[in-house]
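Read through the structure below, which is laid out as structure tokens, and then see the notes.
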Amino acid sequence: MRKLLNTCICDDFASEYSILFNATKSKCMIISPYTRRNVQYSEFVVQGKPMEFVSSYVHFGHLITNNLDDSCDISQRRCDFIGHVNNLLCYFQKLCSAVKYKLFQSDCTSFYGCELWDLARDKMADFCTALRKGVRGVWNMPPDTHCYILPLLCKCLPVYDEVCRRSVNFLRTCISHSSKVVRCVANYGIFRGRCDSPAGRNVLHCMYRYSATLSDVLSPKFESLVWEHAIKDISIQQEQSVDLLRKCIMIRDNVCTLPDFYTVTDVQSIILYICSLG
């Protein structure tokens, strides 16, 4: 590595093209096996300046740690998400719920880098809870609104299933990538590394969660399996209740005309009843 930095690539390239590499923006990280915690640090330099060793670093928005734990990154994304939702509710509180949800989709739900998360991390539950609270706030529904209502109202997957879907789609793209290196790493993690690889663990997790085979998970069929899992416990009565809830929210937000035989209080009472209905 020292040879690559000093004489083979970086310094020679910098000299040839008059480029200065900033050593303060370059970091070194040691990722060692759990059985070897005492690792001797070596000094690496870029254009004569030493690089700092760190235990964590943000790379393209994704927080990488030397113990390969995604918990810190998931917690950080959760905090970022809460901040975005609070700003949305503060600046656009007078808009109707449907419009606020469109803004919510475009500004708060990118979850950039979630494809790399280990799906079995405990922090995933905190992230999903925060998102459900955000959706309740956007639609101006009570805090005790049942979780099954939210995906039906938004016409989307539950957040955990959405992260699983994105993770598998990312891995499926990797194993068919044009780069031989990317294909090699992805195939090793999925087919050989298994529990020792985040990619392998995520595939095994999805196989168990969606009662699917390995070939099912790595095929386009996986999309339908995720949707089937998301709606398998939803009854027709619950779907009808959420349809009524959507209409009541539109009436409450003055998007639709209030029927003569209903009052605003009646509509609000129906919303509260449906949200708390088991």
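For the reader, a short list of remarks on this structure follows.
- When Ser211 is tested against (1) more than 30 Å from Leu95 (Cβ to Cβ); (2) part of a helix (DSSP H, G or I), exactly one condition is not met: (2).
- Ser176 being more than 30 Å from Gln268 (Cα to Cα), in the same structural domain as Asn202 (by TED's automatic domain parsing), modelled with pLDDT under 95 and of a type in the set (Ser, Thr, Tyr): yes
- Look at segment 99-117: where a residue is in the same structural domain as Val135 (by TED's automatic domain parsing) and under 27 Å from Cys206 (Cβ atoms) and a partner is aromatic (Phe, Trp, Tyr) and part of a helix (DSSP H, G or I), sitting 6+ places away or on another chain with Cβ atoms under 9 Å, you get Cys108/Phe81; Thr109/Phe81; Phe111/Phe81; Phe111/Phe127; Cys114/Phe127; Glu115/Phe170; Leu116/Phe170; Trp117/Phe127.
- At least 1 residues being acidic (Asp, Glu) is the threshold, and among the helices (runs of 4 or more DSSP H) wholly inside segment 95-169 those reaching it are 97-108, 123-138.
- Across segment 31-40, a minimum of one residue is classified as in contact with a Ser or Thr (Cβ under 6 Å, 6 or more places away or on another chain) and of a type outside the set (Phe, Trp, Tyr).
- Close Cβ contacts (under 6 Å, 6 or more residues apart or on different chains) running from residues in segment 180-193 that are exposed (fewer than 14 other Cβ atoms within 10 Å of the Cβ) to residues that are not aliphatic (A, V, I, L, M) are absent.
- Count of residues meeting criterion [loosely packed, with under 13 Cβ neighbours inside 10 Å and assigned to a loop (DSSP other than H, G, I, E, B)] in segment 222-255: 4
The values are calculated or read from the model by the stated rules, or taken from the named source; none is laboratory data. Note that the structure is a prediction, hence the values are computed from the model and not measured. Virtual Cβ from ideal backbone geometry, glycine too; neighbours counted across all protein chains shown.
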